[in-house]
Amino acid sequence: MNGSPSPQALIDNVERVIVGKRAVVELLVVALLAEGHVLLEDVPGTGKTTLARAVARSMSGSFKRIQFTPDLLPSDVTGIFIYNQRRSEFEFRTGPIHANIVLADEINRATPRTQSSLLEAMEERHVTVEGVTTALPRPFLVLATQNPIELEGTFPLPEAQLDRFLLSLSIGYPTQEEEEQIILSQGRGHPMDELEPVITPEEVLTLRDAAASVRVAPDVRRYVTELTRATRDHAGVELGASPRGSLGLYRSAQALALIRRREFVLPDDVKYLATAVLAHRLVLAPDARLRGRTAADVIADIAERVPVPVEAV
C-alpha cells in the first residue's frame with residue numbers, strides 16, 4: 001500500500017464540512033472504494049446533500065442531484081435521444097445519472113418504474129436507452145435518500161432495489177457542541193465554497209484496486225458467510241440476506257481495513273459493518289414487527305450468537 005493515495009485525506013477533507021460525523025464519512029468512503037451504493041435514511045436538514053457534494057468536490061468528480069417525484073420519468077434519469085434537425089439524426093442527451101456521485105433525493109417518492117431505471121446503472125455501471133448502451137463515469141456511486149418519517153405519497157423500495165445498496169446509513173442529529181460549531185462555521189459563508197479537491201477519480205480507482213487486494217484469512221471469510229447465512233435461519237426473519245450481502249460484507253471489510261491502514265481484515269471489521277451492510281436486506285417476520293423488533297436488532301442478535309474467529313491473521 002506504500003505510495004498509494006490516502007483515503008484518510010479524503011475523509012479529513014469531507015469532515016471540514018460535515019461536522020462530528022467521521023464514522024458516517026468513513027463508511028461512505030468504504031462504499032466508494034468497494035464500488036457500492038449508499039441508502040441514507042434520515043430526516044431533512046441533517047446534511048445528506050452536503051455530504052454527497054463534499055465527497056464529489058473532494059475527489060474532483062462530477063456531481064448530479066436528481067429530485068425524485070411521482071411525475072419523474074425513467075428518461076429523466078438515464079437520458080433520451082433527441083432529433084437534431086441540423087444533422088438530420090438522433091443524438092443521445094445524457095441524463096443526470098451520468099456523474100461520479102449521483103444524489104437520488106427522496107428516491108421513494110418516484111414510481112416503481114422510475115426507481116427501476118436505476119437498477120442497471122447501479123449494478124452494471126451503464127445505461128441502455130433505445131437499445132444503445134452507454135458507460136457511466138468511474139468511480140460511480142449512487143447516494144439515495146429517503147425520509148423514514150414522512151411516508152404519505154411514497155412508494156417503498158422493493159427488496160431487489162434495496163439489495164443493490166451496499167450500505168444503509170443514518171447521519172443523525174449533531175450534538176449541541178457540534179451544532180454550535182456548524183453555526184459558527186457557516187456564519188459568514190458555507191465551508192463548501194472553500195473546499196478543495198484532495199484526490200482525483202483516477203486515484204480513487206487506484207485505492208479501489210488496493211482495497212480488493214487486502215488479505216482476508218479463510219476464518220474471516222467463513223465468518224462473513226456465517227453471519228449472512230444466519231439471517232436466513234433467524235426466527236424473526238421472513239427473508240434473509242442474499243449472497244450479494246456476503247459479497248458486500250466481504251468487500252466492505254477490505255475497504256475498511258485499507259482505510260484503517262491495514263493489509264488484512266480483522267473479524268472486528270466484519271462485525272462493525274454487519275448492520276450497515278445486512279440490515280436493510282432483511283424482511284422481518286410479521287410477529288417480529290409486531291413486537292417492535294428492527295432489522296438492526298436482529299443483526300445485533302446474530303452477531304452475538306455467531307462465534308468470532310480468534311486466530312484470523
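The values are calculated or read from the model by the stated rules, or taken from the named source; none is laboratory data. No experiment lies behind these values; they were computed from the predicted model shown. Glycine gets a Cβ as well: all are built from the backbone with ideal geometry, and neighbour counts include every protein chain shown.
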Apart from one, (1) outside the structural domain of residue 238 (by TED's automatic domain parsing); (2) assigned to a helix (DSSP H, G or I) all hold for residue 274; the odd one out is (1)
From 217, 255, grab the single residue that is at pLDDT 95 or above and either within 20 Å of residue 158 (Cβ to Cβ) or out of contact with any helix residue (DSSP H, G or I) (no Cβ under 7 Å at 6 or more places or on another chain) (or both). 217
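Would you call residue 149 in the same structural domain as residue 36 (by TED's automatic domain parsing), of a type outside the set (Ser, Thr, Tyr) and within 19 Å of the chain's Cα centre (by Cα)?
Values: in the same structural domain as residue 36 (by TED's automatic domain parsing): yes; of a type outside the set (Ser, Thr, Tyr): yes; within 19 Å of the chain's Cα centre (by Cα): no.
The answer is no for residue 149.
Given the stretch 18-91, what helices (runs of 4 or more DSSP H) lie entirely inside it while holding 2 or more residues that are among the polar types (S, T, N, Q) and either at pLDDT below 90 or not assigned by TED's automatic domain parsing to the domain that holds residue 273 (or both)?
Values: elements: 22-33, 48-58, 74-78.
By residue number, 48-58, 74-78.
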Within the stretch 179-189, how many residues turn out to be touching a residue at least 40 places away in the same chain (Cβ under 8 Å) and either assigned by TED's automatic domain parsing to the domain that holds residue 52 or in a loop (DSSP other than H, G, I, E, B) (or both)? 0
Using the structure shown, decide if residue 253 is closer than 25 Å to residue 59 by Cα, of a type in the set (A, V, I, L, M, F, W, C), part of a helix (DSSP H, G or I) and touching an Asp or Glu at 6+ places or on another chain (Cβ under 6 Å). yes
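Quick check on the stretch 299-307. Is at least one of its residues touching a strand residue (DSSP E or B) at 6+ places or on another chain (Cβ under 7 Å) and modelled with pLDDT of 95 or more?
no
Can you name every residue in the stretch 123-140 that is buried (at least 22 other Cβ atoms within 10 Å of the Cβ) and in contact with a Phe, Trp or Tyr (Cβ under 9 Å, 6 or more places away or on another chain)?
If we filter the stretch 123-140 for residues that are buried (at least 22 other Cβ atoms within 10 Å of the Cβ), which is where we start, we get 127, 140.
Answer for the stretch 123-140, where residues must be buried (at least 22 other Cβ atoms within 10 Å of the Cβ) and in contact with a Phe, Trp or Tyr (Cβ under 9 Å, 6 or more places away or on another chain): there is none.
From 125, 93, 138, which residue is farther than 18 Å from residue 35 by Cβ and among the basic types (Lys, Arg)? Lay out the reasoning, then the answer.
Details: 125 fails: farther than 18 Å from residue 35 by Cβ; 138 fails: farther than 18 Å from residue 35 by Cβ.
Step by step, each of 125, 93, 138 is checked, and only 93 is farther than 18 Å from residue 35 by Cβ and among the basic types (Lys, Arg).
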Criterion violated by residue 198 - all others in (1) over 19 Å from the mean Cα position of the chain (by Cα); (2) surrounded by fewer than 18 Cβ atoms within 10 Å (Cβ to Cβ); (3) outside the structural domain of residue 248 (by TED's automatic domain parsing) satisfied: (2)
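Regarding residue 281, is this residue among the charged types (D, E, K, R) and within 18 Å of the chain's Cα centre (by Cα)? Walk me through how you get there before you give the answer.
Working: among the charged types (D, E, K, R): yes; within 18 Å of the chain's Cα centre (by Cα): yes.
In short, yes.
Considering 149, 199, which residue is at pLDDT 90 or above and in a loop (DSSP other than H, G, I, E, B)?
Details: 149 fails: at pLDDT 90 or above.
Just a single option satisfies the conditions, and that option is 199.
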Can you name the residue in the stretch 152-176 that is of a type in the set (A, V, I, L, M, F, W, C) and in contact with a Lys or Arg (Cβ under 7 Å, 6 or more places away or on another chain) and is also surrounded by the most Cβ atoms within 10 Å (Cβ to Cβ) among such residues? 171
Six or more apart or on different chains, Cβ atoms under 7 Å: show the pairs whose first residue is in the stretch 18-38 and under 18 Å from residue 185 (Cβ atoms) and whose second is outside any helix (DSSP H, G or I). 18/47; 19/174; 20/174; 20/175; 21/171; 24/169; 24/171; 25/18
Mind checking whether some residue in the stretch 75-86 is of a type in the set (Asp, Glu) and under 15 Å from the mean Cα position of the chain (by Cα)? no
Of the numbered conditions (1) more than 21 Å from residue 201 (Cβ to Cβ); (2) surrounded by 15 or more Cβ atoms within 10 Å (Cβ to Cβ); (3) within 19 Å of the chain's Cα centre (by Cα), residue 119 satisfies every one except a single condition; which is it? (2)
